[in-house]
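Written out below as structure tokens is the structure these notes cover.
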Amino acid sequence: MRKSRLLYVPFWATYVFLYTPIVVLVVMSFNAGDSPYVYEGFSLEWYGTLAKNAAIREGLVNTLIVAVGSTVLATVLGTLLAVGLARHTRSRALDALGMLPAVLPDLVLGIGLLVFYATIKSTLGLHSVLLAHTVFGMAFVTAVVRTRLTHADTSLEEASRDLGATPFTTFVRITLPQLAPGILAGALLAFTLSIDEFVIAFFTAAPTTPTLPIVIYSMVRFGVTPEINALATLLLLVSFTAVIVTQRMTRLTESLS
Amino acid sequence: MLKITGVSRRFGDVTALSDVSLEIRQGEFFALLGPSGCGKTTLLRILAGFESPDEGTVTLDGDDLLGQAAHRRPVNLMFQSYALFPHMTVAKNVAYGLERERLGRAEVRGRVDEVLQKVGLETMAGRRPHQLSGGQRQRVALARAIVKRPRLLLLDEPLSALDKKVRAEMQLELKRLQNEVGITFVVVTHDQEEAMSLADRIAVFNAGGVEQVDAPVELYEHPRTPFVAGFVGANNIFEGRACSAGLAGEELGILPGDSGLPDGTPALLAVRPERIRLDGEDKGVLGGEVVDVSFYGGISHVSVQVSGRRQPVLVATQGATQVQTGSKVALGWAEGDGVLIPQ
Ligand SMILES: Nc1ncnc2c1ncn2[C@@H]1O[C@H](COP(=O)(O)OP(=O)(O)O)[C@@H](O)[C@H]1O
Ligand SMILES: [Mg+2]
């Protein structure tokens, strides 16, 4: 049967809808003029301005500290939680509770964390954002690793025990390598989510330590400049790289196991 | 050597094992034979330490086995799925168990090389499991288990994943290896021919219980329970009551058998197809008509419909047979070839 060309129209329309804003943004970041909306020719001028902006540099450093720190914590804790859930409980409720922060509205999580920090009289700063991001990052890591565990072959772990390995050695030598692709995917997810997270960071950061999204927000309040477009384009590049790296690495570790 | 006493295990309302007692001797090749779902794997897992029984005790050379953690038992299990570590090479897989014993590097390498040679995989040491054929994987799993020199090696359906030709090869190989390394083997199988050809003694399982433990020939010639008579090899089974000459069947009259049972006990008479003679028209204990002749090369199977019996009687003869479908024959067998089994 010949497929009607008409069927492709909604398909391509969807892609146009998805990517037009992004294309516009990228093109405008190379704009020679001052307006973020009217294209006046090619230039790298705005990337230069961006590099000189101290507020943005500071925000970027803060964001990277939070993203790296929370990713490490979330990956370790999320993996352990997933293994615990898969191997040592049969409770569905615990399973669901472990992954809930991933789907909870950011507002709820943000307000909740703020109230929590106030209750324990903690100061706000990078550490509070880092811990907040660990909370939802961990939920994502748990969800990804947990899925992989349900498909993993438990007889490998038993074989390891049978050959004389302690439970700890078995975990390190057999379970972890089996889970590596899942752990990696979870970690990259946590990292990319943390980098552009706004709502929770807004609630839990101190005014002196804004993360990059907060810095951008405060700049945009006075109108979008082509500088912002350049920044967004760079962030886009980071996201794309992360996605491609994840795909590559997953394929690599998969071919090993 | 290994003594299993009164072991039971239930999963919810499924009784996987009920009151199993067995004794396995040093250096023996022992087979657990039974249809699938009868609890064989569960018993192996109890011995290896991945499952614990609800009741019963297991001792190895007099020491309690059940109290020890799986990784401390001098027992190794070869998994039905082989469970090779996919992220390690063949050599690493085999070395894994030795490294856990904190042996020196040189000794580990020496023993790995030796065992790989023994199973004929020296050239495959650097490959990963997914680059091997089914038969080769099976050898790696075997090498990985015997390199530990366990006191007892448990094998769960070791040959079931292989195709027929490789299987026959591996049967010989298993026997040779067991001889060479002198380890006590307990092999689980649902294939009675495999159990017969491999094992020194066989325990026949049915529905979680042991039916009979005997050497293959004894098991074949003197089944003690109706289940064993039906499960181990082909058999013609007649129902009736024991009498001095054998079995008194309700419609078939007196059938010759080796009776040791009190007269009148309800019993079954089992006669192997290859022990029945096709004597011709008039002599013999049963008369019937040939309904089917199948030639298998070395032997032929002749099915004979006997009036008063629903299923045809199966007769096996050497080579090609002269009997034609539709001809009338008389069946007979020696008294010693009819085995009486109390019902
Ligand atoms: N972990 C388990 N949970 C529930 N039922 C089980 C479990 N393991 C085995 N069984 C049941 O116990 C019975 C015996 O199983 P198994 O020992 O695997 O039999 P076999 O190896 O002889 O085929 C089967 O009915 C099986 O469904
Ligand atoms: Mg089984």
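Computed from the coordinates by the stated procedures, all read-outs in this text should not be read as laboratory data. Predicted model only: the values in this text are computed from it and were never measured. Using ideal geometry, Cβ is built from the backbone for each residue, glycine included, and neighbour counts are taken over all protein chains shown.
Over chain A, calculate the relative contact order: mean separation of alpha carbon pairs under 8 Å at least 6 apart, over the residue count, as a percent.
For chain A, the relative contact order is 31 percent.
What whole number of Å gives the distance from the Cα centroid of region A:16-90 to the Cα centroid of region B:1-73? Between the Cα centres of region B:1-73 and region A:16-90 lies a distance of 59 Å. Evaluated with a Cβ-only charge set (Lys, Arg +1; Asp, Glu -1), region B:141-293 carries a dipole of roughly 1020 debye about its Cα centre, given to the nearest 20. Phi angles of region B:334-343 translate, via the Karplus equation with coefficients 6.51, -1.76, 1.60 and θ = phi - 60°, into HN-Hα couplings of 6, 4, x, 8, x, 9, 8, 10, x, 9 Hz per residue; Gly and Pro are given as x. Take each residue in B:65-72, count the other chain C-beta atoms within 10 Å of its C-beta, and the mean is 3. Put simply, the amide H of B:ASN206, placed in the peptide plane, has neighbours under 5 Å in B:GLU211, leaving out anything fewer than 5 places away on its chain. Looking at chain B alone, DSSP beta bridges between its own residues are antiparallel in about 75 percent of cases.
Ordered by the count of other Cβ atoms within 10 Å of each Cβ, fewest first, B:ASP13, B:ASP19 give B:ASP13, B:ASP19. Shown here for region A:1-107: trypsin sites (Lys or Arg not before Pro) in loop regions (DSSP other than H, G, I, E, B) with at most 10 other Cβ atoms within 10 Å, namely A:ARG2, A:LYS3, A:ARG90.
Working from Cα pairs under 8 Å separated by at least six residues, relative contact order for chain B is 16 percent. Helices in chain A, meaning DSSP H runs of at least 4 residues, each add -39500 (n - 2.57). Divided by all residues, the mean residue ellipticity at 222 nm is -25500 deg cm²/dmol.
About its Cα centre, the protein assembly as shown has a charge dipole of approximately 2000 debye under the convention of +1 per Lys or Arg Cβ and -1 per Asp or Glu Cβ, with nothing else charged. Pairs from the list B:LYS3/B:LYS92; B:LYS40/B:LYS175; B:LYS3/B:LYS164 with a Cα-Cα gap above 25 Å: B:LYS3/B:LYS92; B:LYS3/B:LYS164.
Note on region A:179-257 and region A:97-122: Cα centroid distance 20 Å, given to the nearest whole angstrom.
Calculated mean residue ellipticity at 222 nm for chain B: -7000 deg cm²/dmol, from DSSP H runs with n ≥ 4 weighted as -39500 (n - 2.57), summed, divided by the residue count and rounded to 500.
Dividing the mean sequence gap of close Cα pairs (under 8 Å, 6+ apart) by how many residues region B:1-67 holds gives a relative contact order of 40 percent.
The angle between the Cα long axis of helix B:90-99 and the main principal axis of chain B comes to about 70°, on a 0 to 90 degree scale. Computed from backbone phi, the HN-Hα couplings of region A:237-246 come to 4, 4, 4, 4, 4, 4, 4, 5, 4, 4 Hz, rounded to whole numbers (Karplus: 6.51 cos²θ - 1.76 cosθ + 1.60, θ = phi - 60°; Gly and Pro given as x). Relative to the longest principal axis of the Cα atoms of chain B, the long axis of helix B:164-181 makes an angle of roughly 60 degrees. Shown in residue order for region B:53-58 are the 3J(HN,Hα) couplings computed by the Karplus curve 6.51 cos²θ - 1.76 cosθ + 1.60 at θ = phi - 60°: x, 6, 9, x, 10, 9 Hz (x for Gly and Pro). Highest average first, the peptides B:234-245, B:41-52 ordered by how many other beta carbon atoms sit within 10 Å of their residues are B:41-52, B:234-245. Close amide H partners of B:GLN68, meaning residues 5 or more places away or on another chain with modelled amide H under 5 Å apart, do not exist here. Close amide H partners of B:THR265, meaning residues 5 or more places away or on another chain with modelled amide H under 5 Å apart, are B:ALA242.
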